[in-house]
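J.: Quick one: the structure is below, questions incoming.
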Amino acid sequence: MAPLSYQPVSPQAEQQAASSGSSQASASARYTPDAEVDEDDDLDALEQREGYELGELSARQGKDAQLHEDDNEDSEEASDNPLSRRRRARSTASAQSFELYTSDEERRVKRKLDTHLVLFVALLYLLSFLDRSNIGNAKIAGLTDDLHLDDSQYAWLLTAFYITYLLFEWMTVCYQLFPPHIYISICVCAWGVLASLQSVVTSFPAMLILRALLGIGEAAFVGIPFYLSFFFRKHELAFRIGLFISAAPLATSFASSLAYAIVRFGNRTGIASWRLLFLVEGFPACLVAVWAFWWIPDSPQTTRWLNARERKIATLRMRKESSPTSTLAEKRSTRQTAIPRHKRKFAWSEVLRTLKDPKTYLTASIFFCCNVAFASFPVFLPTIIHSMGYSLLSSQALSAPPFLAAFVAVLLTAYLSDRHRTRSIPIILHALLAMLGYVLLALAPVLGIGHVMRYLAVLPVCTGFFSAVTIVITWTVNNQVSDEGKGTGMAVLNVIGQMGPLVGTRLYPDAEGPYYVKGMSVCAGAMALVAVLALVLRFVLEAENARRRSEWRDGPGEAEGEALVGGGSNRQNEPFIYLT
């Protein structure tokens, strides 16, 4: 039920009501519904005045509120004054009438954001990862034979992508500098065109240039977790980023299944299978880019598929996530929150603070180690499975199940991470799980492990590094307070983290088949280091949280990254607490 707008009584009217003794007249004079006032204006005014939402009061809360009113009144006077009793009785009803939104309304808004926004950007990431990793399927579909590529040239095709991908990671901050619906749609269209053009190349240099340009187009897109933080609170973000990242294993699984169909039937079209693969998997992104331009919102206030009430709720629920660099007036004013991010003043001080924070580099180091496996295994898995003794056609098909398992694991891990509000524990567990899988694959020739067990060892590897990547990205966004800090943190995460693929893309040369002991050993060590670094970061954050809580309890002062409301003691304003 939408809240009504009320006009408080003037002191003169209250005095007249008290002298008349008429409860009906008093109620009528004190609270007059105003049907002409727009609901949004009413919410704006209330938000500016109160600065927080009022939830529906339970019977117990209502009783406590009335007892609090009784403490502020003289009990003998209150018992003799009918107006005072009516004022106390109406205090609970007034609070309920003025609630900004109910929990049911908030759930409906989040459900719409999940189905309309998160799933859509997951689709975009599916297309992105598909166009990035399908070169592994193209390799065994005839790419290296037709273009006469040796191991070194093929490795350079992979490396060229990640060099430009690394150099343009700074573009993450563009989500705050430009309207996201324009920026994202341009990125999608760019990589769709470039991925499609791979189907017509006839030489190694042409393919190398296209792979490098593809890296630029996809680097501009990796700030989506930062973009999702515009719409979801900190403790809601892991599952949504999980939905987004889970598109990567789903894309790899889909690519393997599609490659199987293309290799089986593609030659009947008169087009080489690998060319058809690039075209079929690349061109759909160009069409989706048009849809993205119309569908992607810039902020909760501009979301076309939410109605006016839902847009207001989506905006109000995020006000506690606002930047600590904002002033008190900015935080409480709905006029300020209505200004698009790309039109607000950019706080360079927050960028510098993030760049000087050691925690930024700890998460980036974790991401680097994850990416040694994350960037290498998907593109080499068809080759690795083929080296186990399976046919080319079977290798394409058998590449899909491990990534389907990873898809399920990512969603489950992200959900549990949000539910229990922990990031380090899931990373540590999955890193150790992936390490165990790599160790089994590395020791296969020594232990005499057969191809069936080697294939099964691929499952914990895929589920492990995909899940760890999801949580470390979420962890980075969670533990930056401001928008500028989140964008900078994501940029640093990717600049350092994307150096991992420069190592990973050279771990599995054909000469080291069929066991690829060196590559498996390096990845096992990298995942072990992920577990160690996550544990170290957990200890660092716990110590920092303890320090902040101690300063907050001990008296006045301002913790780092905290804006005091109205000045004075920070005991009135609990400091920013890092998720561990």
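The values are calculated or read from the model by the stated rules, or taken from the named source; none is laboratory data. Quantities reported herein were computed from a predicted structural model and do not represent experimental measurements. Cβ atoms come from the backbone with ideal geometry, glycine included; neighbour counts cover every protein chain shown. These accessible areas exclude ligands, DNA and RNA; they are computed on the full protein's heavy atoms, side chains included. Shrake-Rupley method; radii C 1.70, N 1.55, O 1.52, S 1.80 Å.
J.: Assuming residue 480 fulfils every condition listed in (1) surrounded by 24 or more Cβ atoms within 10 Å (Cβ to Cβ); (2) at pLDDT below 90; (3) outside any loop (DSSP other than H, G, I, E, B) apart from one, which condition is it?
T.: Condition not satisfied by residue 480: (3).
J.: Name the helices (runs of 4 or more DSSP H) wholly within the stretch 80-149 that hold at least 3 residues that are more than 21 Å from residue 190 (Cα to Cα) and at pLDDT 85 or above?
T.: 103-113
J.: Within the stretch 370-379, which residues are assigned to a helix (DSSP H, G or I), open to solvent by less than 10 Å² (accessible area, probe 1.4 Å) and not β-branched (Val, Ile, Thr)?
T.: Result: 370, 371, 373, 377, 378.
J.: What do you reckon, is residue 163 out of contact with any Asp or Glu (no Cβ under 9 Å at 6 or more places or on another chain) and either free of Cβ contacts under 8 Å to residues at least 24 places away in the same chain or in a helix (DSSP H, G or I) (or both)?
T.: Yes: the conditions hold for residue 163.
J.: Quick one: count up the residues across the stretch 437-460 that are surrounded by fewer than 16 Cβ atoms within 10 Å (Cβ to Cβ) and either of a type in the set (A, V, I, L, M, F, W, C) or within 15 Å of residue 534 (Cα to Cα) (or both).
T.: Total satisfying the criteria: 5.
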